[in-house]
Amino acid sequence: MTASLDAHRSAFDAALAETLADGRARAVATGPESTELWDAAVECLGGGKMLRPRILLSTAEGLTGSRGLAESVRAAAVRIAVALELLHFAFLLHDDVIDGDLSRRGGPNLIGVLRARSGGMGPRGRSDVASSVPPAARLHWARSAAILVGDLMLSTAHGLLGRLDLPAPARERILDLVAESTAHTVAGENLDVLLADGLHETGILGILEMEFLKTGSYSIALPLRLAAVLAGRTDLDDALVAAGRRLGTAYQLQDDLLSTFGDPAAHGKDALSDLREGKQTVLIALARRTPHWERISARFGAADLDAADAATIRADLEAGGARDEVERMIAEAIEDARRLLRAADLPAEARDVLDALIAALTDRSS
C-alpha cells in the first residue's frame with residue numbers, strides 16, 4: 001500500500017494544498033478570526049496514517065490490472081483521496097467533541113490547541129481580555145469551533161466530489177457511496193453515545209454493528225468500493241462490501257484493544273479515554289460475562305478514573321479472558337476477509353494490494 005500512495009504523493013499533496021488554500025481564501029474573506037481558526041485546523045490535519053487514501057489509490061490501481069488507471073481517472077482518484085482525508089478529519093473533530101477529548105495523534109487536538117490559545121484569536125483579540133475569560137468558557141469556545149471546522153471540512157469534501165471530472169454515472173455513484181457511508185457513521189456514533197450514556201442496551205452483535213457503522217464503513221469498506229468505481233469494476237461491489245465489513249470490524253476491534261492496552265505514544269490517544277467515558281465496546285461486553293465484572297464496574301465510566309484504576313481494569317480484562325477473546329475475533333474477521341477476497345474475481349495486482357492491506361491490519365500498533 002505504501003508504494004502506491006508514494007507514487008501519487010506529490011499529486012496528493014498538491015491537491016490537498018490547493019484545496020486548503022481555497023478554504024483559507026474563503027476564511028480570509030470572513031475575517032481574521034475565521035482565518036486563524038482555519039490555520040489552526042490545518043496545523044492539526046497532518047500527522048495521520050493516510051489509511052483511507054492509501055486503500056483507495058492502491059486498490060484502484062490494483063483493480064485495473066496491468067493497464068493501470070487512465071490519467072484523467074487517476075487525477076480524479078487523487079481528489080477523492082483528499083476528500084476522504086477531509087471527511088475523516090471532520091469525523092475526528094466531531095468525535096473529539098462528543099468524547100470530551102483534548103488529544104489526538106500524540107499531541108493536542110484542535111480543541112486542545114484552541115483552548116490553550118485562550119480565545120485570543122485574530123489581530124483584534126486582546127490577551128488581557130482573553131486571560132480573564134473563565135476556563136469553562138474557553139473550553140466551550142474551543143469545542144464549538146471544532147464542530148464548526150468539522151462542518152467546513154465536510155462541506156469541502158463534498159464540494160471536491162461534486163466537481164470530479166468523471167462521467168456523470170460514476171460521479172453520482174461516488175456521491176451516493178459517500179452519502180451512505182456518512183449516514184452509517186452518524187448512526188454508529190449515535191448508537192455509541194446511547195450505549196455509553198445508558199440510554200440503550202444491546203449485545204455483542206449489536207456492538208459489533210455499531211462499531212462497523214461508526215468507523216469500519218468509511219475507513220475500509222468505502223475506499224474499497226470507491227476504488228471499484230474508478231477501476232470500472234462495480235461487479236466486485238458485493239465482494240468488496242463483504243470483505244470490507246469483516247476488515248472494518250477487525251480494524252475497530254483493534255482500535256478498542258489499542259485504546260485500552262496499547263502504547264499511547266504509538267496510537268496517540270488518551271490512554272484513559274475509553275475507560276473514563278464508559279465506552280461500550282466488545283471488550284467490555286465480554287467482560288460483563290465474567291466474575292471480574294463487579295470489580296471492573298466499580299470504576300469503569302468514572303469521570304475521575306485515574307491511571308491506577310485503569311491498570312486494575314486492564315488486569316481484570318485480561319484475567320477474565322476478554323482480551324484474548326477479542327484477539328480471537330480479530331483473527332477470525334481477518335481470515336473471513338481473506339476467504340471472501342480469494343473467492344472474488346480479482347486481478348493478481350489487486351490481490352497483492354489487498355494482501356498487503358490485510359498484513360498491515362494484522363500487525364497494527366497504532
Are there any pairs with C-beta distances below 6 angstrom linking a residue in segment 137-148 that is over 11 Å from G100 (Cβ atoms) to a residue that is of a type in the set (S, T, N, Q) and open to solvent by less than 40 Å² (accessible area, probe 1.4 Å), with the two at least 6 apart or on different chains, and if so which?
R138/S118
Of all residues in segment 234-279 being open to solvent by 30 Å² or more (accessible area, probe 1.4 Å), under 17 Å from the mean Cα position of the chain (by Cα) and of a type in the set (D, E), which is nearest to L195 (Cα to Cα)?
D255
List every residue pair whose Cβ atoms sit under 6 Å apart, with the two residues 6 or more apart in sequence or on different chains, where the first one lies in segment 225-246 and is outside any helix (DSSP H, G or I) and the second, anywhere, is surrounded by fewer than 22 Cβ atoms within 10 Å (Cβ to Cβ).
A231/T64
Residue check, D274 of a type in the set (D, E) and touching a residue at least 40 places away in the same chain (Cβ under 8 Å):
no
Within segment 211-224, the count of residues that are surrounded by 24 or more Cβ atoms within 10 Å (Cβ to Cβ) and either in contact (Cβ under 8 Å) with a residue 60 or more places away in the chain or of a type in the set (S, T, Y) (or both) comes to 8
Every residue in segment 302-341 that is touching a Leu at 6+ places or on another chain (Cβ under 9 Å), outside any helix (DSSP H, G or I) and surrounded by fewer than 18 Cβ atoms within 10 Å (Cβ to Cβ), please.
A302, D306, G321
Per the filter on segment 41-62, residues of a type in the set (G, A, S) and either open to solvent by less than 40 Å² (accessible area, probe 1.4 Å) or free of Cβ contacts under 8 Å to residues at least 24 places away in the same chain (or both) are A41, G46, G48, S58, A60, G62
G65 is checked against (1) under 15 Å from V229 (Cα atoms); (2) surrounded by fewer than 20 Cβ atoms within 10 Å (Cβ to Cβ); (3) in contact with a Ser or Thr (Cβ under 6 Å, 6 or more places away or on another chain) and fails just one. What number does that condition carry?
(3)
Of all residues in segment 180-195 being hydrophobic (A, V, I, L, M, F, W, C) and within 16 Å of the chain's Cα centre (by Cα), which is nearest to D96 (Cα to Cα)?
V186
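The values are calculated or read from the model by the stated rules, or taken from the named source; none is laboratory data. All figures in this text were calculated on a predicted structure; none of them were measured in a lab. Using ideal geometry, Cβ is built from the backbone for each residue, glycine included, and neighbour counts are taken over all protein chains shown. Surface areas here come from the heavy atoms of the whole protein model, side chains and all, with no ligands, DNA or RNA. Shrake-Rupley method; radii C 1.70, N 1.55, O 1.52, S 1.80 Å.
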